[in-house]
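Notes for the one structure printed next.
Quick note: the coordinates plus some simple rules give every number you see, no bench work behind them. The shown structure was predicted, so the numbers you read here are calculated from the model rather than taken from an experiment. Here Cβ is always computed from backbone atoms with ideal geometry, including for glycine, and neighbour counts include all displayed protein chains.
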Amino acid sequence: MHPDPQRLAKIPLLASLTPEELEVVARWSELRAAGDGDRVTGEDAPGYTFFLLLEGTASVAQDGVEIRTIGPGDFFGEAAILGDGRRTATVTTTSPSTLVALFGTEFRRLERELPEVAERICAALAERLARSA
């Protein structure tokens with residue numbers, strides 16, 4: 001099932017896209033549900049999916065220590081997609097959640113066809129890396 005483009009428009013990362021561009025992103029992505037306490041990604045595991053948190057909350061941990069909490073509009077998984085393919089953190093939902101998943105092949109299409117969105121994702125990754133250094 002694909003996400004509703006109107007719901008995608010409420011995500012800050014995608015808010016500046018046109019309705020047509022939101023339709024494209026919606027077609028390329030998949031809607032997923034997660035329960036409270038579901039592990040979405042595991043640190044050091046291979047990762048080929050980028051996630052947007054549409055509803056709910058999650059904990060982001062490195063080496064078993066929570067480094068931040070995230071909520072609606074936040075995203076994760078970009079480090080594995082843009083880096084060496086390994087997850088840099090474990091993300092576990094802390095409430096029932098709705099996620100938008102964008103697989104690596106579609107993320108590459110996003111880079112080609114909607115470069116401004118890809119640039120924002122890259123900038124966010126650089127900022128996160130700078131904070132953890």
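Once label points are set 7 Å from the Cα along Cα→Cβ at both Arg68 and Asp84, what is their separation, rounded to one decimal in nm?
2.2 nm
Search the structure for amide H atoms under 5 Å from the amide H of Ile67, placed 1.01 Å from N in the peptide plane, and list their residues when 5 or more places away or on another chain.
Close amide H contacts, sequence-distant or interchain: Val60, Ala61, Gln62.
Hey, can you list the DSSP H helices of the chain whose Cα span along the axis is 24 Å or longer and whose average Kyte-Doolittle score is at least -0.5?
115-132
Label 7 Å along Cα→Cβ of Asp44; region 84-100 residues with amide nitrogen under 14 Å?
It comes to 86-90, nothing else.
Multiply the residue separation of Leu31 and Arg108 by 0.36 nm, subtract the distance between their alpha-carbon atoms, and state the gained length in nm to one decimal.
Gain on stretching Leu31 to Arg108: 25.9 nm.
Which entry in (1) 2, 8, 11, 11, 9, 8, 8, 9, 9, 8, 6, 4, 2, 2, 2, 1, 0; (2) 2, 11, 21, 26, 22, 13, 5, 1, 0; (3) 2, 9, 16, 17, 15, 14, 12, 8, 5, 2, 0 is this structure's computed P(r) over Cα pairs in 5 Å bins from 0, in percent?
Among (1) 2, 8, 11, 11, 9, 8, 8, 9, 9, 8, 6, 4, 2, 2, 2, 1, 0; (2) 2, 11, 21, 26, 22, 13, 5, 1, 0; (3) 2, 9, 16, 17, 15, 14, 12, 8, 5, 2, 0, the one calculated here is (2).
Scan around His2 for amide H atoms under 5 Å from its own, H built in the peptide plane at 1.01 Å from N, and keep only partners 5 or more places away or cross-chain.
Here Leu31 satisfy the definition.
Stretch Ala126-Ser59 to full length: gain in nm at 0.36 nm per residue minus the Cα-Cα span?
Full-extension gain reported as 22.1 nm.
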